[in-house]
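A.B. asks: I have a structure here, written as structure tokens, and I will follow up with some questions on it.
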Amino acid sequence: FLAHDGTGDERARRALVEIGRSVFNGAISTMIVLIPLVNAKTYVFQVFFRTFMAIIGYSAFNGLVVLPVLLSLIQPSSYNSLRSSIGIDPILRGEGEPSLDGEAKPTRYGEKDADGLVSMNTTMEVAHM
């Protein structure tokens, strides 16, 4: 939600398009794994099943319904608008991703080398103990 610009409804829809399916699949697959506990005769396993199904259902409902609606109503600032308000260049989404012709676009942090790979030109310092 915070990674995109636009109105609250547009940003909520975009967030659901990007991660809604993953949240739904995670909830369904976890529920499927718990199905064998339906026939459990032991009280502990029956409570375990009910508890986990309630937690998964509640979490999926909040992640797929409540949170997107609240965020579309509250409309917090996006990362790009926050970055521009403090004087940092906004990050353009889609940079460095392969294009339809299969060739990678260079990012603003580096350029393509002879092999077509993006060079980040960064160094890493290792702390010695």
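Where a number appears in this text, it was derived from the coordinates with a stated rule and is not lab data. This is a predicted model, so every value here is computed, not measured.
A.B. asks: Let a ≥ b ≥ c be the square roots of the eigenvalues of the Cα gyration tensor of segment 24-84; is it rounded (a/c under 1.5), or, if not, prolate (a/b larger than b/c) or oblate?
C.D. replies: Working: a/c = 4.38, a/b = 3.46, b/c = 1.26.
Note, shape of segment 24-84 comes out prolate.
A.B. asks: Using the Karplus curve 6.51 cos²θ - 1.76 cosθ + 1.60 with θ = phi - 60°, work out ³J(HN,Hα) for each residue of segment 65-75 in order, rounded to whole Hz, and write x for Gly and Pro.
C.D. replies: Each residue of segment 65-75 in turn: 10, 5, 4, x, 5, 4, 5, 5, 7, 6, 6 Hz.
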